[in-house]
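Okay, structure first, notes after.
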Amino acid sequence: MLAQSNYHQLWLREQDHPAISLPRWQQQMDLLTSFYHSQASLILQLADNSFQVVCAQQSQDYKLNGGTTFFDAGLLKLVESQSGYGQFHVKGNEFNSALSQFQQVICQLIYWPDGELFSCILICDPEQNRFQEHLAPLIETTKSLIQAELKHLFLMIKVQMLSVQDEQTCMLNQYGFNLMAPRQLSLSRRFGSHAGIILVEALFDELTEGQTESNAQRLRIIARIIHNSLREADVSARISHNQFIILCFIDNESNLDSLVLRLKKQFAKEGQNLNLAIGQSYFTPDIQISLVPMQQQAIKSLKLNQLERKKTTK
């Protein structure tokens with residue numbers, strides 16, 4: 001698992017973000033509803049092709065309360081085809097969700113600071129039609145406020161990523177592994193998966209003088225091979241100068257042996273000048289809660305592997 005952020009796919013309402021003030025967003029919806037005399041004013045978030053109502057002000061219950069998640073192919077097509085400038089008007093019959101209750105909807109897109117679409121502000125059935133042109137800056141102001149807070153959140157996430165990321169390989173570092181591994185282990189326990197730990201150590205002191213790659217290049221090769229060999233649920237990290245750890249989720253111990261064998265083949269194929277020692281341990285998460293004993297078992301396996309290599313090279 002490379003250190004990366006999936007904040008685009010996380011519902012804002014379900015996270016605790018000091019950078020985001022949802023009460024302030026709600027005040028903006030109250031204000032827009034008042035000025036536009038609208039039936040409803042909404043802030044929506046888009047994630048994994050679905051929408052969630054972040055904040056809402058409704059004149060009656062339109063089934064669009066805060067936290068409501070829904071799919072709307074018509075709205076999805078509209079927001080993905082529009083540019084981020086200005087507002088556009090949509091007829092209610094273009095929607096196929098609860099939004100189809102409205103005759104007319106004003107839409108203003110909202111973006112994350114990296115250009116990814118956050119979603120939109122919707123003003124549903126505004127009665128104040130004569131002064132919509134004069135009221136348009138109000139929506140722009142709301143958009144600016146929301147995007148400023150999203151930028152603050154974005155920067156906070158970037159700082160957090162740097163604290164868990166190994167700069168040289170872009171993998172998780174020791175701190176990141178200690179943060180992520182228990183979470184994944186807890187999830188695996190729910191689904192009854194077994195787990196294994198693999199330690200990979202690069203033996204730089206045994207490298208021959210004729211090799212041209214630098215140690216940094218070798219570390220990046222190891223990191224890439226590990227990343228490409230694992231599934232999304234697995235966790236990998238660089239935990240010291242020349243040591244990597246993998247927490248993988250498997251059905252049985254033979255699967256762990258197969259993964260180690262596959263890694264060895266890839267190391268031999270893609271990194272011909274790599275000199276590596278590998279240790280492993282297998283355990284059942286519902287029996288073993290702490291990772292520490294299993295890491296110690298993998299370290300013992302690694303040391304045995306190193307001793308065997310020394311015997312064969314003599």
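Results, tabulated for the structure shown:
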read-out	value
Extension gain from Asp16 to Thr69, taking 0.36 nm per residue of separation minus the Cα-Cα distance	17.2 nm
Nearest-10 value in Å² for the accessible area of Ser50, using the 1.4 Å probe	30 Å²
Heavy-atom accessible area ranking, 1.4 Å probe, most first, across Asp61, Asp72, Asp30, Asp48	Asp48, Asp61, Asp30, Asp72
Karplus-derived HN-Hα couplings along segment 44-53 (A = 6.51, B = -1.76, C = 1.60, θ = phi - 60°), whole Hz, x at Gly and Pro	10, 10, 9, 8, 6, 6, 10, 10, 10, 6
Radius 13 Å from Cβ of Ile146, net charge of other residues (Lys, Arg +1; Asp, Glu -1)	+1
The chain, relative contact order [Cα under 8 Å, separation at least 6], %	16 percent
Exposure of Ile239 as accessible area (Å², to 10), given a probe of 1.4 Å and all protein chains	30 Å²
For the chain, accessible area per residue (1.4 Å probe, heavy atoms of protein chains only), Å²	52 Å²
Cross-link pairs Lys158/Lys303; Lys269/Lys310; Lys158/Lys269 - those with Cα-Cα distance over 26 Å	Lys158/Lys303; Lys158/Lys269
Segment 174-313 - percent of accessible surface contributed by carbon and sulfur, probe 1.4 Å	50 percent
With every protein chain in place, segment 22-163: carbon and sulfur % of accessible area (1.4 Å)	50 percent
Helix axis angle, 292-313 relative to the chain longest principal axis, alpha carbon, degrees	40 degrees
Per-bin percent of Cα-Cα distances, the chain [10 Å]	5, 22, 22, 15, 15, 12, 6, 2, 0, 0
Helix-only CD estimate at 222 nm, as mean residue ellipticity for the chain, using -39500 (n - 2.57) per DSSP H run (n ≥ 4)	-14000 deg cm²/dmol
Accessible-area ranking of Leu22, Leu64, Leu155, largest first, probe 1.4 Å	Leu155, Leu22, Leu64
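The values are calculated or read from the model by the stated rules, or taken from the named source; none is laboratory data. Everything quoted here is computed from the prediction, not taken from an experiment. So basically every Cβ, Gly included, is an ideal-geometry build from the backbone, and we count neighbours across all protein chains shown. Just the protein is used for accessible areas: all its heavy atoms, side chains included, with ligands, DNA and RNA removed. Shrake-Rupley method; radii C 1.70, N 1.55, O 1.52, S 1.80 Å.
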